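Heads up: the structure comes next, in structure tokens.
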């Protein structure tokens with residue numbers, strides 16, 4: 001997300017903007033600042049997504065401590081900004097306390113040190129694919145897919161996507177709009193060739209007024225433009241995908257997933273909801289226990305985004 005359109009709202013954060021949204025409770029961090037106590041129910045698959053804002057920095061600031069305690073089964077990463085060798089080494093370091101080797105699949109950006117998406121998981125996928133669209137260099141490192149075999153013989157396809165941040169009046173915005181169009185063309189095809197589909201990531205657009213604290217100040221900024229939001233109307237209405245977080249949270253502000261590092265945005269909960277779980281309808285019915293793992297304090301953030309975590313009762 002760019003740092004140019006965070007707004008100036010100073011409203012203090014509400015409990016419904018983070019934590020266990022369904023019950024409006026803040027996360028229970030236990031005795032460790034990066035530990036969130038939220039036991040995974042038996043039989044559930046815990047799936048999460050987060051823009052790490054550079055995996056090396058996230059690792060250094062405490063991501064591993066968070067991951068080691070969170071009982072996650074599949075994790076989508078965006079803005080990795082490292083090659084697969086470095087990512088694999090860091091993931092191994094973070095998951096060693098769990099006593100198991102995780103599977104790492106990454107699509108690195110053509111422009112080194114930028115973008116990059118990955119999917120890491122406890123179980124090995126049966127297939128992976130990279131890319132969307134027509135292969136433009138600025139679209140590399142922004143879309144990766146992994147297929148997982150489920151217990152009933154069906155297939156779950158997981159996507160990690162990082163949409164361009166954009167900037168009004170520049171080529172960056174043109175790239176962003178083209179990518180959103182690619183998604184609208186490809187999502188029906190992808191849903192048609194798998195049993196369950198979950199598209200996760202930093203989509204860099206707040207869909208509705210509830211999704212941005214200072215939405216009035218951002219209607220002319222990338223991230224809340226009417227033409228961007230129209231694509232999300234298409235995804236969630238015409239194409240039949242479900243916005244899992246909004247479905248579980250209800251009609252509340254947020255739950256925000258990104259806060260600028262500037263000013264008091266985090267302290268005042270002046271956030272944006274730009275990270276999503278987009279699920280096909282049948283899969284969305286299996287979702288529950290939505291949480292946004294917002295840090296206890298500004299100083300404890302290991303990314304400018306917070307992980308979006310959902311439990312699924314997969315077959």
### Residues of the stretch 253-275 classified as over 13 Å from residue 295 (Cα atoms) and without any contact (Cβ under 8 Å) to a residue 60 or more places away in the chain, total
0
### Task
Mind listing whichever residues of the stretch 217-249 are touching a residue at least 40 places away in the same chain (Cβ under 8 Å) and either farther than 30 Å from residue 189 by Cβ or part of a loop (DSSP other than H, G, I, E, B) (or both)?
217, 218, 220, 221, 222, 223, 224, 225, 239, 240, 241
### Query
Just checking, how many residues over the stretch 18-49 are at pLDDT 70 or above and not in a loop (DSSP other than H, G, I, E, B)?
5
### Query
Looking at the stretch 296-308, which of the residues that are in contact (Cβ under 8 Å) with a residue 24 or more places away in the chain and out of contact with any strand residue (DSSP E or B) (no Cβ under 8 Å at 6 or more places or on another chain) is surrounded by the fewest Cβ atoms within 10 Å (Cβ to Cβ)?
297
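Output the number of residues of the stretch 103-117 satisfying the condition of being under 20 Å from residue 149 (Cα atoms) and in contact (Cβ under 8 Å) with a residue 60 or more places away in the chain. Give the derivation first.
Of all residues in the stretch 103-117, those under 20 Å from residue 149 (Cα atoms) come to 103-106.
Cutting the leftovers down to in contact (Cβ under 8 Å) with a residue 60 or more places away in the chain gives us none.
Looking only at that region, the number is 0.
With respect to residue 90, is the statement that it is under 21 Å from the mean Cα position of the chain (by Cα), outside any strand (DSSP E or B) and at pLDDT 95 or above true?
Values: under 21 Å from the mean Cα position of the chain (by Cα): yes; outside any strand (DSSP E or B): yes; at pLDDT 95 or above: yes.
For residue 90, the condition - under 21 Å from the mean Cα position of the chain (by Cα), outside any strand (DSSP E or B) and at pLDDT 95 or above - is met.
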### Summary
If we keep only residues of the stretch 139-177 that are out of contact with any helix residue (DSSP H, G or I) (no Cβ under 8 Å at 6 or more places or on another chain) and assigned to a helix (DSSP H, G or I), then the residue surrounded by the fewest Cβ atoms within 10 Å (Cβ to Cβ) is 171
### Task
Please give the number of the condition residue 69 fails out of (1) more than 23 Å from residue 308 (Cβ to Cβ); (2) without any contact (Cβ under 8 Å) to a residue 40 or more places away in the chain; (3) out of contact with any strand residue (DSSP E or B) (no Cβ under 7 Å at 6 or more places or on another chain).
(1)
### Task
Please go through the stretch 50-66 and pick out each residue that is touching a strand residue (DSSP E or B) at 6+ places or on another chain (Cβ under 8 Å) and part of a helix (DSSP H, G or I).
55
### Query
Residues of the stretch 58-94 being touching a helix residue (DSSP H, G or I) at 6+ places or on another chain (Cβ under 9 Å), surrounded by fewer than 17 Cβ atoms within 10 Å (Cβ to Cβ) and under 19 Å from residue 115 (Cα atoms), which ones?
86
### Message
Quick check on residue 207: is it touching a helix residue (DSSP H, G or I) at 6+ places or on another chain (Cβ under 6 Å) and either surrounded by fewer than 19 Cβ atoms within 10 Å (Cβ to Cβ) or assigned to a helix (DSSP H, G or I) (or both)?
### Response
no
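The values are calculated or read from the model by the stated rules, or taken from the named source; none is laboratory data. Quick caveat, the model's predicted, so the values are computed rather than measured. FYI the Cβ positions are ideal-geometry reconstructions off the backbone, even for glycines, and counts take in every protein chain you see.
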